[in-house]
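A quick write-up on the structure given underneath.
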Amino acid sequence: AQKVTQAQTEISVVEKEDVTLDCVYETRDTTYYLFWYKQPPSGELVFLIRRNSFDEQNEISGRYSWNFQKSTSSFNFTITASQVVDSAVYFCALSGVVTGGGNKLTFGTGTQLKVEL
Amino acid sequence: DTEVTQTPKHLVMGMTNKKSLKCEQHMGHRAMYWYKQKAKKPPELMFVYSYEKLSINESVPSRFSPECPNSSLLNLHLHALQPEDSALYLCASSQGSSGRAGDNEQFFGPGTRLTVL
């Protein structure tokens, strides 16, 4: 069975602070995929990043960076110099190998990020 | 174009009504999904269509009936719903073919906020 844990239910920061959202996963698959999605108050889930289990290279995209560590089964997400527009719920998700029948995402419970002025 | 559209944005219906939710994508994706999301919870998978065939049904009550008329369209027919079915209904799509690392990410629509009275 697959499981994703986002222990931080809610985080509040002041604008320009850096913030890290934690994600820990469990899977027995040797090949798997990890994702981060952002859900602003409007409701739409916005895809941010996919990381393959065989690629542990960290990634930076503007103010966003992701730290994937297989040894600790973690895929953490850092926002540098946070902005009010970053306020949203962030979901970490996990899926196994696509079999041609679509892939099932296992979501974490989400972290509500509030960025205040 | 990474857009998934959903109509309507909001829907209020009585328990005896019949209504339909619609989803459309023009990214050439072959897998499409319906999710249900309650407030402050992660999305829950309901159905997956792959190459226009139902591949996953997560034991959803029969008052929800999915339909995939063609590779771009996905409908969810609603009949005799209960107040507890009130939620945000999200549609998503992904490439859907087997094994390719770049095929996994799901792109979500803005959702339909359903209220059952």
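Throughout, read-outs are computed from the coordinates displayed, never taken from laboratory work. None of the values given here were measured: they were computed from a predicted structure. Reconstructed Cβ throughout: ideal geometry from the backbone, glycine too, with neighbour counts over all protein chains shown.
Values computed for the structure shown
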read-out: The stretch A:1-90, relative contact order [Cα under 8 Å, separation at least 6], %; value: 33 percent
read-out: Computed lengthening from B:R113 to B:S62, 0.36 nm per intervening residue step minus Cα-Cα distance; value: 16.4 nm
read-out: Candidate lysines for bridging to B:K41, where Cα separation is under 23 Å - those fewer than 8 sequence places away on the same chain excluded; value: A:K3, A:K38, A:K104, A:K114, B:K9, B:K22
read-out: Bridge type composition, the protein assembly as shown - antiparallel percent by DSSP, nearest 5; value: 90 percent
read-out: Beta bridges per DSSP with both ends in chain A, % antiparallel, nearest 5; value: 85 percent
read-out: Nearest-0.05 FRET efficiency for A:F54 and B:K53, computed from C-beta distance (R0 35 Å); value: 0.70
read-out: FRET efficiency, B:A80 to A:E15 (Cβ-Cβ, R0 35 Å, nearest 0.05); value: 0.15
read-out: Under 18 Å from A:K16, Cα to Cα: aspartates and glutamates that are on another chain or at least 8 residues apart; value: A:D86, A:E116
read-out: Karplus (6.51, -1.76, 1.60) ³J(HN,Hα), θ = phi - 60°, over the stretch B:21-38, in Hz, Gly and Pro reported as x; value: 9, 10, 9, 9, 9, 10, 9, x, 6, 10, 10, 9, 9, 10, 10, 10, 10, 8
read-out: Residue-averaged beta-carbon neighbours from other chains (10 angstrom radius) around A:83-94; value: 1
read-out: Chain B: relative contact order in percent, alpha carbon pairs under 8 Å with at least 6 residues between; value: 36 percent
read-out: The stretch B:47-82-the stretch A:1-68 distance, computed between alpha-carbon centres (Å); value: 29 Å
read-out: Proportion of all alpha-carbon pairs of the stretch A:37-102 beyond 21 Å (%); value: 32 percent
read-out: Cysteines in the protein assembly as shown that, by Cβ-Cβ distance, have no pairing candidate under 4.7 Å; value: B:C68
